Amino acid sequence: MKIDGACHCGEITYEARVDPARTIVCHCGDCQTISGGPCRVNVPALTENLTVTGTPTSYVKTGGSGDAVTTAFCGTCGSALWSGKGDTPAFVFLRTGVIRQRAELIPTAQGFCESGQPWAMEMAKIPVVGR
């Protein structure tokens with residue numbers, strides 16, 4: 001599936017090809033902290049299938065696996081864009097919140113659920129207010 005995305009301010013844009021069936025929800029502590037939310041939804045894309053306009057800012061952290069994980073974001077508005085292992089990853093995990101077709105990227109799996117917030121695992125039980 002061809003997708004396109006942009007940060008909130010529009011300074012960084014991209015196009016990529018992804019397999020929607022590989023969309024996942026991540027509940028790891030890093031995703032919670034960096035996103036400011038209980039989880040994050042990602043879809044992997046081969047870097048050879050990713051075209052970026054603009055220059056993202058990056059942040060490198062050693063992940064739980066011991067590997068360096070680089071997170072890319074917009075230096076102006078702070079929108080999270082993707083993460084990948086090492087300096088030149090074969091693929092990156094695109095953050096679905098900045099993808100225009102995000103409604104079509106329905107998660108098929110969840111990971112790091114042991115780190116998840118208990119209430120986030122049962123969101124359907126939380127009352128909906130306003131629409």
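The values are calculated or read from the model by the stated rules, or taken from the named source; none is laboratory data. Quick caveat, the model's predicted, so the values are computed rather than measured. Here Cβ is always computed from backbone atoms with ideal geometry, including for glycine, and neighbour counts include all displayed protein chains.
Could you list, ordered by first residue, the pairs with Cβ atoms under 9 Å in which the first is in the range 1-27 and basic (Lys, Arg) and the second is assigned to a loop (DSSP other than H, G, I, E, B), at least 6 apart or interchain?
LYS2/VAL18; LYS2/GLN101; ARG17/MET1; ARG22/THR108
Can you give me the number of residues within the range 88-109 that are part of a loop (DSSP other than H, G, I, E, B) and among the aromatic types (Phe, Trp, Tyr)? Lay out the reasoning, then the answer.
Step one: list which residues in the range 88-109 are part of a loop (DSSP other than H, G, I, E, B), which gives 88-90, 100-101, 105-108.
Subsequent filtering for residues that are among the aromatic types (Phe, Trp, Tyr) retains none.
The qualifying residues number 0.
Out of the residues in the range 109-131 meeting the condition of being touching a strand residue (DSSP E or B) at 6+ places or on another chain (Cβ under 7 Å) and surrounded by 13 or more Cβ atoms within 10 Å (Cβ to Cβ), tell me which one is farthest from GLY29 (Cα to Cα). Break it down into steps so the answer makes sense when it comes.
So the first thing to find is which residues in the range 109-131 are touching a strand residue (DSSP E or B) at 6+ places or on another chain (Cβ under 7 Å), and the list is 109-112.
When the remaining residues are screened for being surrounded by 13 or more Cβ atoms within 10 Å (Cβ to Cβ), the result is 110-112.
Numbers: GLN110: 14, GLY111: 11, PHE112: 8 Å.
For the range 109-131, the residue satisfying everything is GLN110.
Please go through the range 92-106 and pick out each residue that is crowded, with 18+ Cβ neighbours inside 10 Å and not charged (D, E, K, R).
At the first step, the residues of the range 92-106 found to be crowded, with 18+ Cβ neighbours inside 10 Å are 92-96, 98-99, 105.
Hits for the range 92-106 are VAL92, PHE93, LEU94, THR96, VAL98, ILE99, LEU105.
From ALA45, ALA68, which residue is over 15 Å from CYS7 (Cα atoms) and more than 15 Å from the chain's Cα centre (by Cα)? Talk me through it step by step, then tell me what you get.
On the way: ALA45 fails: more than 15 Å from the chain's Cα centre (by Cα).
Of ALA45, ALA68, the one residue that is over 15 Å from CYS7 (Cα atoms) and more than 15 Å from the chain's Cα centre (by Cα) is ALA68.
Tell me yes or no: at least one residue of the range 67-87 is of a type outside the set (Asp, Glu), in contact (Cβ under 8 Å) with a residue 12 or more places away in the chain, in a strand (DSSP E or B) and farther than 24 Å from SER115 by Cβ.
Looking for residues that are of a type outside the set (Asp, Glu), in contact (Cβ under 8 Å) with a residue 12 or more places away in the chain, in a strand (DSSP E or B) and farther than 24 Å from SER115 by Cβ, one finds none in the range 67-87, hence no.
Among residues belonging to the range 8-38 that are in a loop (DSSP other than H, G, I, E, B) and touching a Ser or Thr at 6+ places or on another chain (Cβ under 9 Å), point out the one that is farthest from GLY84 (Cα to Cα).
Here the residue is CYS9.
Please tell me if THR55 is β-branched (Val, Ile, Thr), over 12 Å from the mean Cα position of the chain (by Cα) and more than 18 Å from ILE12 (Cβ to Cβ).
No, not satisfied.
Keeping to the range 28-41, report how many residues are surrounded by fewer than 21 Cβ atoms within 10 Å (Cβ to Cβ), in contact (Cβ under 8 Å) with a residue 40 or more places away in the chain, farther than 16 Å from SER79 by Cβ and not small (Gly, Ala, Ser).
Residues meeting the conditions: 3.
If you check every pair at least six apart or on different chains, which have Cβ atoms under 7 Å apart with a residue in the range 42-63 that is in a helix (DSSP H, G or I) and surrounded by 14 or more Cβ atoms within 10 Å (Cβ to Cβ) first and a residue that is modelled with pLDDT of 95 or more and polar (S, T, N, Q) second?
Matching pairs, first to second residue: none at all.
Can you find even one residue in the range 70-89 that is surrounded by fewer than 19 Cβ atoms within 10 Å (Cβ to Cβ), within 30 Å of GLY10 (Cβ to Cβ) and aliphatic (A, V, I, L, M)?
no
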